[in-house]
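Read the figures in this text as sums done on the coordinates, not as results from a lab. None of these values were measured; they are calculated from a predicted model. Please note: Cβ atoms are built from the backbone with ideal geometry, for glycine as well, and neighbour counts cover all protein chains shown.
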Amino acid sequence: MNNNLTIFLALADAVIITDSEHRILAVNESYERITGYSSDDIIGKKAGILRTPYTPKETYIHMKTALQASTSWSGVFTNRKMNQDLWHSSITITPFSVEGIIYYVGVFRELEQLDRGFYLDEERVRNVQGSLLKVLAISCEIRDPGIESHLSRVQYLTKLLIHRHNERHQLNISVEALSLIAHSSILHDIGKSAIPEGILYKPGPLADYERTIIEMHTVIGVDIVDKIYAELDGDLFESELSTAKNIILHHHEKWDGTGYPQQLQGVDIPLEARVVSVVDVFDALTTKRPYKEKWSIELAVQYLVEQKGKHFDSEIVDSFLSLYDEELIVL
């Protein structure tokens, strides 16, 4: 190894130096202390000796792409120490060309040693958020034995539709935001937990006052979410619940302004609510309810088309139809 690189070994953070084939040439004392591997144990071995299945594959793909382009890369690894404990670290890897030979210098910072908090990678955060929100939604609507399947269908179709709509219109919505919309959709009717069963599951037509009570579920739902958020400390659910509140409050608004509770019109209705509106109505039509029989998929799709520009955003319906044409909409 070129002596010009040994200066990096004096850093306080853990440092690893490898050759172009990612074989370890040197590590510093911090690396030995954190991982439990001595230089004698690890020099000559591939850097992947610490790898675990807990680091997402996409992380390695992005790293490989950057290094092949001779650019620095930063990311987060979940590796395993010599004693088999997990080790979460933020790492920056920089390629150096010395006398025509490529070396990689990796500088690690152990996330467990931060002054406060704990580390969860983004994928695990999304999974935790989704799971907890699903439990919350189901527990609040436990009176309906069919609610879990309905919520799961709405969530699944919302995921399909928001991804397709994002692709078709090149909206450049981030992966995180797409995930938030899909996860949050499961809470769309959480306010119905406060509606009397006699009204909610009434088999016949609703009286005007009963319809007014049911329409209150959007505002009640937001109040429930606000109270949940008030009990949380930190940012783990802040964006999730903000997206959920848009869906809960506005998924019964209509494109032409005749919906409720605020009679919003057109693009004033949040995108996530416009998407869930299409999905929720489709699932309601194709599911047997106390007050109606089950519609066929074909009839439900026909209804969506008829309501373009009235109840629904026409472009979102077209995105839904593209999924239907590819036979991706199944019950």
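Descriptive notes on the structure:
- Pairs beyond 21 Å (Cα-Cα), from 192/288; 202/254; 202/308: 202/254; 202/308
- Centre-to-centre separation between the Cα atoms of region 307-331 and those of region 30-48: 55 Å.
- Distant-in-sequence amide contacts of residue 26, defined by a placed amide H-H separation under 5 Å and a gap of 5 or more residues or a different chain, comprise 17.
- Distant alpha-carbon pairs in region 19-99 (separation over 18 angstrom), percent: 45 percent
- Cut-off 14 Å (backbone N to label point 7 Å along Cα→Cβ of residue 215), residues of region 247-281: 250-254, 257-264
- Mean separation of Cα contacts under 8 Å (6+ apart) over length of region 276-327, as relative contact order %: 30 percent
- For region 272-323, fraction of C-alpha pairs farther apart than 18 Å, in %: 25 percent
- Rg and Dmax [Cα atoms of region 184-331; Å; Rg one decimal, Dmax integer]: 16.1, 47
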